[in-house]
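Engineer: I have a structure here, written as structure tokens, and I will follow up with some questions on it.
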Amino acid sequence: MSPQKASQGARKATGPAPRIQAPPPALTRRLADSLRGRPWRPIVLGAICLAGIGISIYLLIVHYEPNLLICHTGSVVNCEKVLTSPSSVILGIPVPIFGVLYFIAMAAVCIPSAAWRSEAPWLAWGRIAAVVVGMGMVIWLVGQEALVLHAICLWCTGVHILTFIMFLIVITGWEDTGYAQARWAD
């Protein structure tokens, strides 16, 4: 007897496989509601904000204690040149302070999943405005590095990349916001 026929015979002897009971409708609705959006967005944005805060704090420390810098100081990649340039201070405030404040503010409006589900228009539009302003700052800083200083800071580039990824996640997540879902619900 072939193994396939033997297994069929065993199934007939024990009867049909037991049916798995469906979960209650309320649980199914809650699960569907939680999975409808992209629940990974707050988690990934939280990790980005944490990394951004960490790098920005490190750059702030290095601003005041340049001997703590861990970076290559070659011709093109020269963190020291970038971090000690006049472009590293805006209105007398070191640029890393803006980075720390930006990532803390973005954490407040992006990490809690309740913030994504909020129907408040000021929160949804404020989050969009913040990432647009963040990208504007990145473009200006990269311009300063490339066109004025002719040097690149790898730590700064890390913050720029994190800001760009955050921009993409927030912009592409518009329809996941509570505001968009409430406004354009059928």
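Engineer: Regarding Ala151, is this residue under 29 Å from Lys81 (Cβ atoms) and either buried (at least 18 other Cβ atoms within 10 Å of the Cβ) or under 18 Å from the mean Cα position of the chain (by Cα) (or both)?
Structural biologist: For Ala151, the condition - under 29 Å from Lys81 (Cβ atoms) and either buried (at least 18 other Cβ atoms within 10 Å of the Cβ) or under 18 Å from the mean Cα position of the chain (by Cα) (or both) - is met.
Engineer: Let me ask something else. Might you check whether a residue that is closer than 27 Å to Gly46 by Cβ, out of contact with any Pro (no Cβ under 8 Å at 6 or more places or on another chain), free of Cβ contacts under 8 Å to residues at least 12 places away in the same chain and surrounded by fewer than 18 Cβ atoms within 10 Å (Cβ to Cβ) occurs anywhere in the stretch 112-124?
Structural biologist: yes
Engineer: Just checking, does the stretch 136-147 include any residue being closer than 15 Å to Pro42 by Cβ and either small (Gly, Ala, Ser) or surrounded by 19 or more Cβ atoms within 10 Å (Cβ to Cβ) (or both)?
Structural biologist: No: zero hits.
Engineer: With the requirement that a residue be closer than 30 Å to Glu65 by Cα and in contact with a Ser or Thr (Cβ under 8 Å, 6 or more places away or on another chain), what does the stretch 103-118 give you?
Structural biologist: Hit for the stretch 103-118 is Phe103, nothing else.
Engineer: Residues that are under 20 Å from Ile57 (Cα atoms) and at pLDDT 95 or above: which helices (runs of 4 or more DSSP H) entirely in the stretch 102-179 hold 3 or more of them?
Structural biologist: Here the list reads 121-143, 154-172.
Engineer: Quick test for you: out of Val82, Val89, Val95, pick the one residue that is in contact with a Cys (Cβ under 8 Å, 6 or more places away or on another chain), modelled with pLDDT of 90 or more and of a type in the set (A, V, I, L, M, F, W, C).
Structural biologist: It is Val82.
The values are calculated or read from the model by the stated rules, or taken from the named source; none is laboratory data. From a predicted model like this one, the values you see are computed outputs, not experimental measurements. Heads up, the Cβs are rebuilt from the backbone with ideal geometry, glycines too, and the neighbour counts pull from every protein chain shown.
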